[in-house]
Amino acid sequence: MSEGVIHTASCLCGAVKAEIVTSPKWVAHCHCPSCQKATSAAFATYAGFDAAAVNFTAEAPKAYKSSPGVKRRFCPKCGSPVSFEGETWPGEIHLHTGFIDEADDLEPTGHVYTRTQKPWVKLADKLPTFEKFPRDEE
């Protein structure tokens with residue numbers, strides 16, 4: 001790792017890599033339909049960082065505008081999901097924890113958009129749940 005780097009990241013094939021020079025602002029599971037579709041999973045787990053603290057060091061991920069004001073990035077070679085960026089969170093990038101090499105240290109602190117979680121998902125981790133993103137509920 002380069003000096004000052006706290007986390008490294010890489011996709012499944014290793015073409016897209018990143019270095020992160022800060023700790024995450026938050027880590028959470030998202031149950032919204034868009035994340036379910038983007039990951040082909042019941043929910044996605046993200047770590048939110050200041051965008052300026054994330055430096056892509058190899059091949060740049062491709063971007064897809066999945067909805068108005070939302071950009072999702074993925075590896076152009078293997079298709080691995082990399083990140084989420086939305087106008088609602090200016091200056092932030094939300095990296096999929098599976099993209100981050102040291103993800104074992106990134107413990108989620110909640111579930112968001114639980115109003116659309118799959119009915120067969122049983123949340124037994126006792127983390128706080130939010131029908132929307134906490135910032136949206138204010």
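If I ask for residues that are assigned to a loop (DSSP other than H, G, I, E, B) and of a type in the set (D, E, K, R), which ones from region 96-134 would you list? Talk me through it step by step, then tell me what you get.
Step one: filter region 96-134 for residues assigned to a loop (DSSP other than H, G, I, E, B), giving 101-102, 106-110, 113, 117-128, 131-133.
The answer is Asp101, Glu102, Glu107, Lys118, Lys122, Asp125, Lys126, Glu131, Lys132.
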Checked pairs for region 48-61, first part of a loop (DSSP other than H, G, I, E, B), second surrounded by 15 or more Cβ atoms within 10 Å (Cβ to Cβ) and charged (D, E, K, R), C-beta under 6 Å and 6 or more apart or across chains, list as Thr57/Lys17; Thr57/Glu19; Ala58/Lys17; Pro61/Arg73
Condition first: hydrophobic (A, V, I, L, M, F, W, C), closer than 22 Å to Glu3 by Cα and part of a strand (DSSP E or B). Can you find one or more residues in region 78-93 that meet it? yes
Pairs under 7 Å by beta carbon, first residue among the basic types (Lys, Arg) in region 89-116, partner assigned to a loop (DSSP other than H, G, I, E, B), six or more apart or different chains? Arg115/Glu131
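Just wondering, is there one or more residues in region 86-98 that are polar (S, T, N, Q) and buried (at least 21 other Cβ atoms within 10 Å of the Cβ)? Before the answer, list the steps.
From region 86-98, those polar (S, T, N, Q) are 88, 97; that's our starting set.
Filter again for buried (at least 21 other Cβ atoms within 10 Å of the Cβ), leaving 97.
Looking through region 86-98, at least one residue is polar (S, T, N, Q) and buried (at least 21 other Cβ atoms within 10 Å of the Cβ).
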Filter result (within 14 Å of the chain's Cα centre (by Cα) and either closer than 14 Å to Thr39 by Cβ or modelled with pLDDT under 95 (or both)) within region 87-101: Trp89, His94, Leu95, His96, Thr97, Gly98, Phe99
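Does region 62-77 hold any residues that are out of contact with any strand residue (DSSP E or B) (no Cβ under 8 Å at 6 or more places or on another chain) and part of a strand (DSSP E or B), and which are they?
Ser67 - this is the single residue of region 62-77 that is out of contact with any strand residue (DSSP E or B) (no Cβ under 8 Å at 6 or more places or on another chain) and part of a strand (DSSP E or B).
Being among the hydroxyl-bearing types (Ser, Thr, Tyr) and touching a Pro at 6+ places or on another chain (Cβ under 8 Å) is the filter here; which residues of region 98-126 pass it?
Step one: of region 98-126, the residues among the hydroxyl-bearing types (Ser, Thr, Tyr) are 109, 113-114, 116.
The answer is Thr109, Thr116.
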Residue list for region 14-47, filter: within 17 Å of Asp125 (Cβ to Cβ), touching a residue at least 24 places away in the same chain (Cβ under 8 Å) and surrounded by fewer than 18 Cβ atoms within 10 Å (Cβ to Cβ): Trp26, Ala42
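The values are calculated or read from the model by the stated rules, or taken from the named source; none is laboratory data. Predicted model, so just to flag it, every value in this text is computed and none were measured. Cβ coordinates were reconstructed from backbone atoms using ideal geometry, including for glycine residues, and neighbour counts include every protein chain displayed.
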